[in-house]
Each structure stands twice: as structure tokens, then as C-alpha cells.
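Below: one structure, written as C-alpha cells.
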Amino acid sequence: MTRLHRWGWTALLAPLAAMGIAAASPLGPDGEPGRTHPGKFTWLELATEDPGAARAFYGAVFGWRFRMADGAPSPYEVIEGPAGKVGGMFRRARPPGAPVGSRWLGLISVNDPARAAQYVRSNGGEVIVQPASIAGRGTHAVFRDAQGAVFGVLAASGGDPPDDPVLDGEVFWMDLFTPAPAEAARFYSALAGYEATEVRLESGRVRWLLASGDVARAGIVPLPAGRGGPGWMPYILVADIDDTLRRVQAAGGKVVVAPRADLLDRNLAVISDPAGGTVGIVNFVTRVEPLR
């Protein structure tokens, strides 16, 4: 993975603070007013050099719909999946020397982004975008953790989405690829209130699970030396891996990691859009179950 911070998230997200979007057209998740789920990834941002190509690709592959956010002073599109909003998309020119022209950013629910910013500074990370309050969205910020992975936080003004079963075309999981999984587990546990558990899989691989509210939210995966920089990757739930991969290739995307027997028995793959934005796809159970 290439480090997301090379894309300059300060320039990308800072203009949102001045949007002043009315509550009737929020730039955030469909939530339950007054209800929060700290540690839940509630929003994705796609920065791309070609929004038209992204619309065509993700619409063909996942059935996503895109609509312009009313009243925004700069173009911003809300991405909608089968049961509601997935995230947002905006145009961003490819920075000089960048290997790809499209990047995803995941935002974690926190109750106090300002406190999160203070924690990040005190624990080896960096504040890229200072906490900013946006009408119809809430307060967000963007950080880089101590290993270099970029992520965002969001205290949504309309509350967080409930922990309902995930539907096809929705975000099912997030994985952090990092060279220091144990350190990352401690960092994010204190930041977002996760319960971190080290798990040894049948394949012999070791990974960490991050849970909050008795629900598994994300994983941490060791990043071998020479495999690029650390970063978070979202996984989208699909009903059929092979059929989805056919749609990916027909729409001009690429298969980055093909299905393998040791990856959920061929029920997981990684793809990229025509501009290089990378996401995982997974065919897995759709019901959110408490950890036991």
C-alpha cells in the first residue's frame, strides 16, 4: 500500500469546513440521533482525479449511486449503497509523482475529535486536518498514526448508523496493514476504546481484532518488509467473488489480489478502480454478532 498522506488530506478536506451544508442535506452517515458507536467506521471518502470514471466503475461493480451534495461551494458527491450512504467523493488532481490517482480514507466514530487529536500528538502521530465542525455532518479530523497510516475520525451530528446486518454493496470490514501490529493495536485501542485481541489463524498467520460495543470492527494485519507503506483498506460485502471480479475487469479495473484457498477459502480478493483506488471484496456472513 502507498501511504495515503502523500495525497495531502489537508488540501482535500479543509474546504469542507466552509461548506455550511444545511441539515436537510448532510455530508455524513445516516445515523440514529443521539446514538454513537465509538470505534465503528461510519464514513468513507474517495479522492479521485476522475469522478466520472469512479461513478461508472463503482456503479457497475457494487451498484453504488452518486448524487451531488446540495449547496456545496465545491463539488462533492454522496455515495449511496443498497441501504443508505456509504461515503463521499470529490475530485483531486493526482499529485506529482503519485503512482495512483484515487485514494480511500476511512473515518472512525469518536465522541471527541479534539481529544483524539491531542492523543495522536502525544503518541507519535500527526494531525493532518485539525478538528473542524461542519453543518449537517459533525466534527471530523484526519490523522497519521505513528507508523504512517492515515485515517480520519468523525463525531457525526446525526448520530452513528446502527449495527444492523451488512448488505451486499456495503462496507463490511476494515483492515490496517502495518509493520508494527502490536503497537498499532495499543494506539487505536486507547484512541477509540477498542478491545484488542491477538488471534492466530489456522493458516498460522497472526492478526489483531479490534472490537467495541461487543462487535468486531476492524483488523490489524502484519505488513511484510518491502510491501509498501502502511494503510487502512475497506472491504465491501459481495454475494459472489468471481462474478464481482468479472464486473471489475469489464469496468476497467484490476484484480490486485486474486482469490486463494488460504484467504477465506477463495471468498476474498482485492481490486483497484481505473485510477488505482484499492478496496477489498469479501463474501462472508452478513449478520453482526456479539463477540463471545
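The values are calculated or read from the model by the stated rules, or taken from the named source; none is laboratory data. Source: prediction; values computed, not measured. Because the Cβ atoms are built from the backbone with ideal geometry, glycine has one as well, and the counts that use them run over all protein chains shown. Side chains included, ligands, DNA and RNA excluded: accessible areas come from the protein's heavy atoms. Shrake-Rupley method; radii C 1.70, N 1.55, O 1.52, S 1.80 Å.
Do the conditions hold for Gly148, that is, is it of a type outside the set (Ser, Thr, Tyr) and under 23 Å from Glu77 (Cβ atoms)? Answer is no for this residue.
Here Thr48, Thr10, Thr2 are screened, and the one residue that is on the phi < 0 side of the Ramachandran plot, modelled with pLDDT of 95 or more and among the hydroxyl-bearing types (Ser, Thr, Tyr) is Thr48.
The lone criterion from (1) touching a His at 6+ places or on another chain (Cβ under 8 Å); (2) assigned to a strand (DSSP E or B); (3) surrounded by fewer than 23 Cβ atoms within 10 Å (Cβ to Cβ) left unmet by Gly152 is number (3).
Within segment 73-95, count every residue that is over 14 Å from Thr48 (Cβ atoms), aliphatic (A, V, I, L, M) and not in a loop (DSSP other than H, G, I, E, B). Counting residues in segment 73-95 that are over 14 Å from Thr48 (Cβ atoms), aliphatic (A, V, I, L, M) and not in a loop (DSSP other than H, G, I, E, B) gives 2. Restricting attention to segment 274-285, does a residue exist that is under 15 Å from Trp104 (Cβ atoms) and aromatic (Phe, Trp, Tyr)? No, segment 274-285 contains no residue that is under 15 Å from Trp104 (Cβ atoms) and aromatic (Phe, Trp, Tyr).
Residues of segment 160-174 that are closer than 24 Å to Leu268 by Cβ and either in contact with a helix residue (DSSP H, G or I) (Cβ under 7 Å, 6 or more places away or on another chain) or open to solvent by 10 Å² or more (accessible area, probe 1.4 Å) (or both): Pro161, Asp163, Asp164, Pro165, Val166, Leu167, Asp168, Gly169, Glu170, Val171, Phe172, Trp173.
Within segment 214-227, which residues are open to solvent by 40 Å² or more (accessible area, probe 1.4 Å) and either touching an Asp or Glu at 6+ places or on another chain (Cβ under 7 Å) or under 21 Å from Gly169 (Cβ atoms) (or both)?
Correct list: empty.
This table checks each residue for (1) more than 30 Å from Pro51 (Cβ to Cβ); (2) in a helix (DSSP H, G or I); (3) in contact (Cβ under 8 Å) with a residue 40 or more places away in the chain.
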{"position": "Leu191", "(1), (2), (3)": "yes, yes, yes"}
{"position": "Arg207", "(1), (2), (3)": "yes, no, no"}
{"position": "Pro234", "(1), (2), (3)": "no, no, yes"}
{"position": "Arg246", "(1), (2), (3)": "no, yes, no"}
{"position": "Val255", "(1), (2), (3)": "no, no, no"}
{"position": "Gly276", "(1), (2), (3)": "no, no, yes"}
{"position": "Ile281", "(1), (2), (3)": "no, no, yes"}
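Scanning segment 111-129 for residues that are under 19 Å from the mean Cα position of the chain (by Cα) and exposed (fewer than 14 other Cβ atoms within 10 Å of the Cβ) yields a count of 1. Within segment 133-149, the set of residues being over 24 Å from Gly229 (Cα atoms) and either in a loop (DSSP other than H, G, I, E, B) or over 19 Å from the mean Cα position of the chain (by Cα) (or both) comprises Ser133, Ile134, Ala135, Gly136, Arg137.
The rows are residues; the columns are (1) within 21 Å of Ala83 (Cα to Cα); (2) open to solvent by less than 20 Å² (accessible area, probe 1.4 Å); (3) assigned to a strand (DSSP E or B).
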residue	(1), (2), (3)
Gly158	yes, no, no
Leu176	no, yes, yes
Ala185	no, yes, no
Tyr188	no, yes, no
Glu198	no, no, yes
Gly229	no, yes, no
Asp243	no, no, no
Arg260	no, no, no
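Checking each residue in segment 73-104 for being more than 15 Å from Glu170 (Cα to Cα) and open to solvent by less than 30 Å² (accessible area, probe 1.4 Å) picks out Tyr76, Glu77, Met89, Phe90, Pro95, Ala98, Val100, Gly101, Ser102, Arg103.
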